[in-house]
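Worksheet: the structure to be examined is printed underneath.
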Amino acid sequence: MAGAVKLIGSYTSLFCTRVEWALKLKGVQYEYVEDDVFNKSPLLLKHNPVHKKVPVLVHDDKPIPESLVILQYIDETWNDNNLLPQDSYERAMAHFWAKFTDEKCLMESFTAAYKEGEEKEKAIESAQESFAFLEKLIQGKKFFSGDDKIGYLDLAMGWIPLCLDIIEEVGDMKLVDAEKFPSLLEWAQNFSEIPLIKERLPPRDALFNYFHKIVGLKRSKKH
């Protein structure tokens, strides 16, 4: 597929990282433009005036926002190394679980990190209930794609090995342990060992500082 490809992102954004993984899996050449999530550029506001967030993929001067939408676009535009299942039901369920993971597991983990007291305990319990669905989903499989290679859902879940332990550390809590979630943690280890994934892992200290700042801002708004 012809046309210049540009990715507007932030190296501390797990949503941008999943897009970069997809582009690299597809062998797509692209220009990367770093944006400051705390001081958004005119370029970002021009290409994503609705949400004003990274990532934005610009292909042939046409902007596509939202990381899961971008993953689908990449898969449908470049045919090598299919990310989504070919079966329509399996493809629909991949979209369902990706959305579930972002809206439930990730958001509940982040909420638990900045909440305090009884609210924190409730948030931790809610997050663990959501992670239990992922534990059941991955049991008996090496990757969420069901194959010996990663796919769309693995990329969508990639924030778990990327930064869940950082969110836990910042929030002074434990959400996912080896006793309750052995299969999920085994998948995270398998995913992290893939060379292409390793090549695009943000520095841990940068991720820690980012989440520490975000959690601090959320807590300050409560008081």
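The values are calculated or read from the model by the stated rules, or taken from the named source; none is laboratory data. A quick note: this is a predicted structure, and the numbers were derived from the prediction, not measured. Quick reminder, even Gly has a Cβ in these numbers, built from the backbone with ideal geometry, and neighbours come from all protein chains shown. Accessible surface areas use protein heavy atoms only, side chains included; no ligands, DNA or RNA. Shrake-Rupley method; radii C 1.70, N 1.55, O 1.52, S 1.80 Å.
Worth pointing out:
- Close pairs from region 69-94: first surrounded by fewer than 16 Cβ atoms within 10 Å (Cβ to Cβ), partner part of a helix (DSSP H, G or I) and not aromatic (Phe, Trp, Tyr), Cβ under 8 Å, at least 6 apart: ASP80/LYS26; ASN81/LEU25; ASN81/LYS26
- In this entry, HIS47 is excluded by the filter for residues that are more than 18 Å from the chain's Cα centre (by Cα) and open to solvent by less than 20 Å² (accessible area, probe 1.4 Å).
- Residue count for region 198-215 satisfying the condition of being among the aliphatic types (A, V, I, L, M), open to solvent by less than 60 Å² (accessible area, probe 1.4 Å) and either within 26 Å of LYS24 (Cα to Cα) or at pLDDT 95 or above (or both): 2.
- Residues satisfying the stated conditions in region 2-21, i.e. outside any helix (DSSP H, G or I), open to solvent by less than 40 Å² (accessible area, probe 1.4 Å) and not hydroxyl-bearing (Ser, Thr, Tyr): GLY3, VAL5, LEU7, ILE8, GLY9
- Each residue in region 149-159 was checked for being open to solvent by 10 Å² or more (accessible area, probe 1.4 Å) and among the hydrophobic types (A, V, I, L, M, F, W, C), and 2 of them qualify.
- Scope region 166-197; condition assigned to a helix (DSSP H, G or I), open to solvent by 70 Å² or more (accessible area, probe 1.4 Å) and not polar (S, T, N, Q); matching residues: GLU169, GLU186, PRO195
- Filtering region 116-134 to residues that are without any contact (Cβ under 8 Å) to a residue 40 or more places away in the chain and either open to solvent by less than 100 Å² (accessible area, probe 1.4 Å) or closer than 13 Å to ARG219 by Cα (or both) leaves GLY117, GLU119, ALA123, SER126, SER130.
This table checks each residue for (1) acidic (Asp, Glu); (2) touching a Pro at 6+ places or on another chain (Cβ under 6 Å); (3) modelled with pLDDT under 95.
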residue	(1), (2), (3)
CYS16	no, yes, no
VAL19	no, yes, no
VAL33	no, no, no
PHE38	no, no, yes
GLU66	yes, no, no
TYR73	no, no, no
GLU76	yes, no, no
GLU90	yes, no, no
HIS95	no, no, no
